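Below is one structure; the comments refer to it alone.
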Amino acid sequence: MRVTDKQILDDLEYRGIQAFLTEMKSGFFVPLCFAERVKTIIKREWDITLVESGNKKGVQKGCFCLMDYEDETIELIDNFYFKKQRSKL
């Protein structure tokens, strides 16, 4: 079954992603296989550029936005806060 961007967006909105994004100072984890689609959807819908922070978790099984996965999960973070964190190093 192919899941559309609209279905992913609807699932993210159901989970409260808009409120989360407006206050996001830390990232959130998504399966690596979905990272590019999620970044594209967030950029298109909210004009927020997400980047991969480099934080990863091992391979996990689960369901993300209506699709089963077995993959690593990676942290996505707002590029603004990512740059801010990096400048403190």
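Here, each number is a calculation from the coordinates, and none is a lab measurement. Because the structure is a prediction, the values reported are computed rather than measured. So basically every Cβ, Gly included, is an ideal-geometry build from the backbone, and we count neighbours across all protein chains shown.
For Y69, Y14, what's the fewest-to-most ordering of other Cβ within 10 Å of each Cβ? Could the numbers behind the result be given before it?
Working: Y69 18, Y14 9.
Lowest count first: Y14, Y69.
What nm value, rounded to one decimal, do you get for the distance between T40 and K56 when each label is placed 7 Å out toward the C-beta?
About 2.2 nm, to one decimal.
As I understand it, the dipole of the chain uses +1 on the Cβ of Lys and Arg and -1 on the Cβ of Asp and Glu, about the Cα centre. Which of N55, F29, L12 lies farthest toward its positive end?
Most positive-ward Cα: N55.
Could you work out how far apart the two model spin labels at S87 and M67 are, taking each label as a point 7 Å from the Cα in the direction of the beta carbon, and quote it in nm?
Computed distance between label sites S87 and M67 equals 3.6 nm.
Tell me what the chain gives for mean residue ellipticity at 222 nm when only DSSP H runs of n ≥ 4 count, each as -39,500 (n - 2.57), the sum divided by the residue total, rounded to 500 deg cm²/dmol.
Working: 4 runs with 37 residues, N = 89.
Roughly -12000 deg cm²/dmol at 222 nm, from the helical runs in the chain.
In debye to the nearest 20, how big a dipole does region 5-87 give about its Cα centre with +1 on each Lys and Arg Cβ and -1 on each Asp and Glu Cβ?
Approximately 380 debye in magnitude.
In which sequence would V59, V30 go, from the one with the fewest C-beta neighbours within 10 Å to the one with the most?
Working: V59 12, V30 23.
Taking fewest neighbouring Cβ atoms as first place, the list is V59, V30.
Give me the percent relative contact order of the chain, please, defined on Cα pairs under 8 angstrom at least 6 residues apart.
Numbers: 113 pairs, mean separation 30.6, N = 89.
Contact order relative to length: 34 percent.
To one decimal place, what Kirkwood hydrodynamic radius in Å is obtained for the chain from all pairs of distinct Cα atoms?
Numbers: mean 1/r = 0.0740 Å⁻¹.
After inverting the mean inverse Cα-Cα distance, the result is 13.5 Å.
Report, in listed order, any pair from K43/K83; K6/K39; K6/K61; K61/K83; K6/K57 with a Cα-Cα distance greater than 20 Å. Let's see the in-between values first.
On the way: K43/K83 17 Å; K6/K39 14 Å; K6/K61 23 Å; K61/K83 31 Å; K6/K57 27 Å.
Table pairs above 20 Å Cα-Cα are K6/K61; K61/K83; K6/K57.
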